[in-house]
Amino acid sequence: MELFTSLLWLKETDSTQNRLKDWNLSYGSVVVADRQTAGRGRLGRRWVSQEGGLYFSFLLNPKGIKNLIQLPLVLGLSLSESLENLGIRTQIKWVNDVYINRKKVAGILCELSGEKLIVGIGVNVNQREIPEELKDRATSLFIETGKEFDRKEILLNFFRYAERNLRIFKEKGFTPFKKNIEEKLLYAGEEVRIIGSEEVRGKLVGLSERGGALLLTEEGLKEFISGELSLRPL
Ligand code: ATP
Ligand code: BTN
């Protein structure tokens, strides 16, 4: 592999994102942890990081990436394709999550810190149970398939797909991915709401060329470009 160059596997850390932020590691470095004591999600939310899951971050050079809005979608597709290769069918929830059977199984976080683009991915893999407060929204690969998975295999398989997709993304942009993501898009054709400073309701009809969510609302077709937005079913 060319893009992902070194791997550090820790027993425990606060957040693998912080290891890449604080430590002076080169582009392509990957940090994995068996547990995180302060795992975080988008918008400062908490990411529950119990034993059994796969929690990792990697460092990219932001110079090569033109559009940071599209990156979580391209990486979500990479994760979904790599899981499909292991026989697990997933869907992509705009803009940064991977779902199985309408429950969240993985989340992607892209953080920019100076010259560092730090991407973090959490996948619920072998957890037998999901904490009570997340039970109705989250699941694990074990809960959905009844099988245990080798986290190393999931990680390396993801890197194979991500490396290929990131090369294409840098050369050709988002267009080569749009259709493949739309085919896996959770809530496509359903009534949803987009929550930001205000709430907008409509039918999710697909993605725009920019990677925005396209909603057919009472006032016509509207594009939503992520940032602080959340997509929910009605
Ligand atoms: P959206 O991305 O649309 O805003 P979201 O609720 O998925 O919606 P994120 O910020 O993407 O929000 O993800 C963080 C959320 O993920 C947390 O608020 C929590 O609800 C959920 N979460 C936390 N830990 C886990 C986990 N291990 N597995 C699945 N979901 C989790
Ligand atoms: C989200 O759904 O909002 C994104 C969740 C990202 C979680 C991963 S786990 C590895 C890395 N370290 C963190 O603290 N967060 C990311």
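Hey, among 146, 206, which residue is open to solvent by less than 30 Å² (accessible area, probe 1.4 Å), modelled with pLDDT of 95 or more and on the phi > 0 side of the Ramachandran plot? Explain how you work it out, then say what you get.
On the way: 146 fails: open to solvent by less than 30 Å² (accessible area, probe 1.4 Å).
Of 146, 206, the one residue that is open to solvent by less than 30 Å² (accessible area, probe 1.4 Å), modelled with pLDDT of 95 or more and on the phi > 0 side of the Ramachandran plot is 206.
For segment 163-178, the criterion of being hydrophobic (A, V, I, L, M, F, W, C) and without any contact (Cβ under 8 Å) to a residue 60 or more places away in the chain is met by at least one residue. Number of residues in segment 78-120 that are of a type in the set (A, V, I, L, M) and assigned to a strand (DSSP E or B): the value is 11.
Do you know which of the residues in segment 79-95 that are free of Cβ contacts under 8 Å to residues at least 60 places away in the same chain and in contact with a strand residue (DSSP E or B) (Cβ under 9 Å, 6 or more places away or on another chain) is least open to solvent (accessible area, probe 1.4 Å)? Of everything passing the filter in segment 79-95, 88 is least open to solvent (accessible area, probe 1.4 Å). Being open to solvent by 30 Å² or more (accessible area, probe 1.4 Å) and among the hydrophobic types (A, V, I, L, M, F, W, C): is that true of residue 43 here? So residue 43 passes the test. Determine whether residue 195 is farther than 18 Å from residue 108 by Cα, free of Cβ contacts under 8 Å to residues at least 24 places away in the same chain and of a type in the set (Val, Ile, Thr). No. In segment 85-133, the qualifying residues are those that are closer than 27 Å to residue 24 by Cβ and in contact with an Asp or Glu (Cβ under 6 Å, 6 or more places away or on another chain), and the one that is farthest from ligand 2 (Cβ to nearest atom) is 118.
Within segment 9-20, the only residue that satisfies the criterion of being over 21 Å from residue 126 (Cβ atoms), in contact (Cβ under 8 Å) with a residue 24 or more places away in the chain, open to solvent by 10 Å² or more (accessible area, probe 1.4 Å) and more than 16 Å from ligand 1 (Cβ to nearest atom) is 19. Annotation: of all residues in segment 21-32 being out of contact with any Lys or Arg (no Cβ under 7 Å at 6 or more places or on another chain) and open to solvent by less than 70 Å² (accessible area, probe 1.4 Å), the one that is nearest to ligand 2 (Cβ to nearest atom) is 32.
Of note, residue 43 does not satisfy the criterion of being away from ligand 1 (no atom under 15 Å from the Cβ) and at pLDDT below 95.
Note on segment 43-52: residues that are more than 8 Å from ligand 2 (Cβ to nearest atom) and small (Gly, Ala, Ser) amount to 2. Residue count for segment 46-78 satisfying the condition of being more than 21 Å from residue 155 (Cα to Cα) and either open to solvent by less than 20 Å² (accessible area, probe 1.4 Å) or among the aromatic types (Phe, Trp, Tyr) (or both): 2. Within the set 132, 148, the sole residue that is within 13 Å of residue 53 (Cα to Cα) and more than 18 Å from the chain's Cα centre (by Cα) turns out to be 148.
When residue 35 is tested against the conditions (1) touching a strand residue (DSSP E or B) at 6+ places or on another chain (Cβ under 6 Å); (2) within 16 Å of ligand 1 (Cβ to nearest atom); (3) open to solvent by 40 Å² or more (accessible area, probe 1.4 Å); (4) part of a helix (DSSP H, G or I), the lone failure is (4). Of the helices (runs of 4 or more DSSP H) lying entirely inside segment 134-205, those containing at least 3 residues that are of a type in the set (Asp, Glu) span 151-172.
The values are calculated or read from the model by the stated rules, or taken from the named source; none is laboratory data. All values reported here derive from a predicted model rather than from experimental measurement. Please note: Cβ atoms are built from the backbone with ideal geometry, for glycine as well, and neighbour counts cover all protein chains shown. All accessible areas refer to the heavy atoms of the entire protein, side chains included, with ligands and DNA or RNA removed. Shrake-Rupley method; radii C 1.70, N 1.55, O 1.52, S 1.80 Å.
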